[in-house]
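A quick write-up on the structure given underneath.
Nothing in this text is a laboratory measurement; each read-out follows from the coordinates by a stated rule. Everything quoted here is computed from the prediction, not taken from an experiment. Ideal geometry is used to build each Cβ from the backbone, glycine not excepted, and the neighbour counts take in all protein chains shown.
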Amino acid sequence: MESPAPLPGWLRVLVRIDFVAAVALTVVAPLVLTARALSARQRGELAGLLRYWRASSLLMATVYLLIDARRIAFPAGIAARLLLAGALWSRPLAPAEHAWSRRWRWLAGAYGVLGALASLPLLRGSLLPTLPAACAAYLEPPRAYAALFHPATSRRRLGDVGVFGLAAFATVAVVSVVRRLVKGHA
């Protein structure tokens, strides 16, 4: 059940700023960097960006979960932010890596960690019967996205897409971990 109380204007503004920053840092910037790395044929940078795009799939699943107010979206969003930072910071900077790519890695990684810490209170939204105002505010930007890109599709169906994305992400993550464990013992 969603929050029946009206949302404070300042909260709406902060959530929209966060959503716009997330799109700029986690979608637009890495798309530009990926295109540049592809055109320059920089394999090391592309490998890091591929790891980033894998981790960012959880963020996209979270957006679809939020469209339908699925409670798992709140812990998934925090996990996505932390995984993005881990994907960006886990490999050393390559000497040939472009300066913009280095700056983006540190900025987006810091944004992910700070955003995850700031989002910890949203975990209550996955437990309480009525969504707190902060959680309800986080439903608005994904729903605006859905209205723009999926106007004829129900929220429930888009939420199901989010569940499928979350399940696919978890399956690939488990398979990857098992594969590494088996490889390490061989």
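Things worth noting here:
- Boolean, Trp100 is without any contact (Cβ under 8 Å) to a residue 24 or more places away in the chain and either touching a strand residue (DSSP E or B) at 6+ places or on another chain (Cβ under 6 Å) or of a type in the set (Phe, Trp, Tyr) (or both): no
- For Arg43, the requirement of being among the basic types (Lys, Arg) and farther than 23 Å from Ser176 by Cα is not met.
- Where helices (runs of 4 or more DSSP H) fall wholly inside region 104-186, the ranges with 3 or more residues that are under 15 Å from the mean Cα position of the chain (by Cα) and among the hydrophobic types (A, V, I, L, M, F, W, C) are 155-185.
- Pick from region 50-87, criterion in a helix (DSSP H, G or I) and either among the charged types (D, E, K, R) or in contact with a strand residue (DSSP E or B) (Cβ under 7 Å, 6 or more places away or on another chain) (or both), ranking: nearest to Leu127 (Cα to Cα): Arg81
For every residue, the table says whether it meets (1) out of contact with any helix residue (DSSP H, G or I) (no Cβ under 7 Å at 6 or more places or on another chain); (2) free of Cβ contacts under 8 Å to residues at least 60 places away in the same chain.
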| residue | (1), (2) |
| --- | --- |
| Ala24 | yes, yes |
| Leu33 | no, no |
| Ala40 | yes, yes |
| Leu59 | no, yes |
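- Scanning region 58-71 for residues that are more than 18 Å from His150 (Cβ to Cβ) and surrounded by fewer than 19 Cβ atoms within 10 Å (Cβ to Cβ) gives a single hit, Arg71.
- Only residues that are in contact (Cβ under 8 Å) with a residue 60 or more places away in the chain, within 18 Å of Ala22 (Cα to Cα) and hydrophobic (A, V, I, L, M, F, W, C) were counted across region 137-164, and they come to 3.
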